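Asker: After the structure tokens below, expect a handful of questions from me.
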Amino acid sequence: MIEKLLGWLDNATCNFLAVETIKKELEAAGFTELRQEDSWKIEPGSRHYIVKNGSAIFPFIAGTGNPDENGFRIISAHSDSPCFKIKPNAEIYGDGGVVSLNVEKYGGGILYTWFDRPLSMSGRIMLDSGDPIHPDTKVFDLKKAVATIPHLAIHFNRGVNNGNPLSVQKDMKPVIGYFSEEEIAEVRKKGGFVKKIVAEHLGIHPQDIIEYEINLYPLEPAGICGVNGEYFQSARIDDLSMAFAGLEALLSVADVPCKDTRLLAVFDNEETGSGTKQGAMAPLAKDLMERICSSLGGSREGFFRAVAKSFMISADDAHAWHPNYNEKYDPTNHPVVGGGPVIKINANCKYMTDADGSAVFKNLCKNAGVKYQMFVNHADVEGGSTLGNKLTVQLDLRGVDMGAAIWAMHSARETAGVSDHVDTVKVFSTFFS
């Protein structure tokens, strides 16, 4: 299971490729795509998925029961992770023909972890289709190191190890190479080096690229570490590990009939607040659920009854106790790597977990034979929020916020526990069964 996860993480180098990776698994398992602009005919027990913006995906198995009498079992996660996005007109030209890129920070990453790493590019480009309202899309991954963000030598900043405030605009510009004046002049005529690099990879002309959304990612592959192989490390563990755990669970029980509709909701843009058409604050999930109920023959009132009978596991990774920073954690509620799935609680409702939701998840863990842990912030530390409470802006669902305990959340390379991932899949499979 873990080797499969590592391969998924290596393939899902951006939100668009996370969706493509999930789509391949779904189609191999007999799921078919539904488009929002089409009319739907859903049969009980059938398997489908919808995609939004190419960066969010919602696979589901229609319930076999009466849609007016049965609800939804939902696991939500997100496809995006902190990174650097390449700006339009990105090239910055320096002495000796050095070309750097103008980038923007996406989400709340740990900036200094990105220095001196081999970086590649992935994302999507938009091409002319002949219809100005509907351009063609190509998703790509260079899968080779084309950039690096070099750190300033310690000799020029002797206090670097005493704290080093960073400016994204000044300090985090990736370098892609050095070129002659003639090369630079020629490439600039055709739209710049970013378009040239991507166009050569795809076998098209740089001038064909109307627009792009491209991010940089660390090229090092995911891997196992620890004396006994107890940890795995990768970029984007938060939150792709939870998305893939939900996928693994859904596929593992796909042949098991269930009266409830089982839905995996992988949203985008959680790291920037979920306030997009493909984010958890949009009416996307509500509309999908309502259409499923309607297509299965349910009534308008029955949809609201179905929501009242539903439950959601909002799955987003949790902060593991760090042995070097004990003072940062709550003294009695700090989960450890390898200690099992984590229930996340916040008195100020940053998470959707309440006593009811927590009790449900504890029962699921018990039935799955899995131990669980609790996370509550240190009382003097204000915590963040995640999908659960954002989604309940649109749907008054019962539910719980949970995750696996990881180190270095939002680093260019995070660390998680092998056994925690296995146990999370067990609990998710129990929930979907």
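Asker: If you line up the long axis of helix 355-368 against the longest principal axis of the chain, both from Cα atoms, how many degrees apart are they, to the nearest 10?
Answerer: Computed tilt is about 90 degrees.
Asker: Express the accessible area of the chain per residue in Å², computed with a 1.4 Å probe while the remaining protein chains stay in the model. It would help to have the intermediate numbers written out before the result.
Answerer: Numbers: 18960 Å² over 433 residues.
Value for the chain: 44 Å² per residue.
Asker: Okay, moving on. Report the antiparallel proportion of the DSSP beta bridges in the range 302-433 as a percent, rounded to a multiple of 5. Intermediate values should be presented prior to the final figure.
Answerer: Working: 4 of 15 bridges.
Close to 25 percent.
Asker: Between helix 418-432 and the chain, what is the angle of the helix's C-alpha long axis to the longest principal axis, kept within 0 to 90° and rounded to the nearest 10?
Answerer: Once rounded, one gets 40 degrees.
Asker: A further question follows. Place a point 7 Å from Cα of Asp356 in the direction of its Cβ. Which residues in the range 304-346 have their backbone N less than 12 Å from it?
Answerer: 308-312
Asker: Taking GluC sites (Glu not before Pro) as candidate sites, keep only those in a DSSP loop with at most 12 other Cβ atoms within 10 Å, then name the longest stretch of the chain containing none of them. Write down the numbers at each step before the final one.
Answerer: Details: sites that count: Glu37, Glu382.
That gives 38-381 as the longest site-free run.
Asker: If I stretch the segment between Asn66 and Glu182 completely, what's the gain in nm (0.36 nm per residue apart, minus their alpha carbon distance), one decimal?
Answerer: Numbers: separation 116, 0.36 × 116 = 41.76 nm, distance 6.95 nm.
Between Asn66 and Glu182, full extension yields 34.8 nm more.
Asker: 5 Å is the cut-off here: which amide hydrogens, built 1.01 Å from N in the peptide plane, fall below it relative to Ser76, excluding neighbours closer than 5 in sequence?
Answerer: Ala265, Ile313, Ser314, Ala315
Asker: How much net charge surrounds Ala199 when only other residues with a Cβ under 13 Å from its Cβ are counted (Lys, Arg +1; Asp, Glu -1)?
Answerer: Numbers: positive: Lys138, Lys190, Lys195, Lys196; negative: Glu200, Asp208.
With Lys, Arg at +1 and Asp, Glu at -1, the neighbours total +2.
Asker: A further question on this structure: Enumerate the lysines that Lys23 could reach by cross-link, defined here as Cα to Cα under 16 Å, with residues fewer than 8 away along the same chain left out.
Answerer: Once the sequence-local lysines are set aside, what remains near Lys23 is Lys4, Lys52, Lys138.
Asker: Related question: Quick check: pseudo-label points 7 Å beyond the Cα along Cα→Cβ at Met1 and Thr137, how many nm apart are they?
Answerer: 3.1
Asker: What net charge is computed for the residues neighbouring Met409, neighbours being all others with C-beta under 12 Å from the C-beta of Met409, Lys and Arg scored +1, Asp and Glu -1? Please list the in-between numbers first.
Answerer: Values: positive: Arg236, Arg413; negative: Asp238, Asp239, Glu271, Asp316, Asp317, Glu414.
Counting the neighbours of Met409, the net charge comes to -4.
Asker: For the chain, build the charge dipole from Cβ charges (+1 Lys, Arg; -1 Asp, Glu) around the Cα centre, then report which of Gly279, Ala355, Ala249 sits farthest towards its positive end.
Answerer: Value computed over the given set: Ala355.
Asker: Take the alpha carbon gyration tensor of the range 343-397, find the square roots of its eigenvalues, order them as a ≥ b ≥ c, and report rounded if a/c is under 1.5; if not, report prolate when a/b exceeds b/c, else oblate.
Answerer: oblate
Asker: Treat every Asp and Glu Cβ in the chain as -1 and every Lys and Arg Cβ as +1, leave all other atoms uncharged, and give the resulting dipole magnitude about the Cα centre to the nearest 20 debye. Provide the component values of the computation, followed by the final result.
Answerer: Values: 43 positive and 55 negative charges, 80 e Å.
Roughly 380 debye, rounded to the nearest 20.
Asker: Let me ask something else about it. What do you get for the angle between helix 237-252 and the principal long axis of the chain? Use alpha-carbon atoms, 0 to 90 degrees, nearest ten.
Answerer: The answer is roughly 40 degrees.
Asker: Collect residues whose amide H, placed 1.01 Å from N in the peptide plane, falls under 5 Å from the amide H of Met281; neighbours closer than 5 in sequence don't count.
Answerer: Thr276
Asker: Leaving ligands, DNA and RNA out of it, report the carbon-plus-sulfur percent of the accessible area of the chain at a 1.4 Å probe. Walk me through the numbers before you get to the answer.
Answerer: Details: 9500 of 18960 Å².
The C+S portion of the solvent-accessible surface of the chain is 50 percent.
The values are calculated or read from the model by the stated rules, or taken from the named source; none is laboratory data. What you see is a predicted model; the values in this text were computed from it and never measured. Every residue, glycine as well, gets a Cβ built from its backbone with ideal geometry; the counts of neighbours run over all protein chains shown. Areas reflect the complete protein model, heavy atoms only, side chains present, ligands, DNA and RNA absent. Shrake-Rupley method; radii C 1.70, N 1.55, O 1.52, S 1.80 Å.
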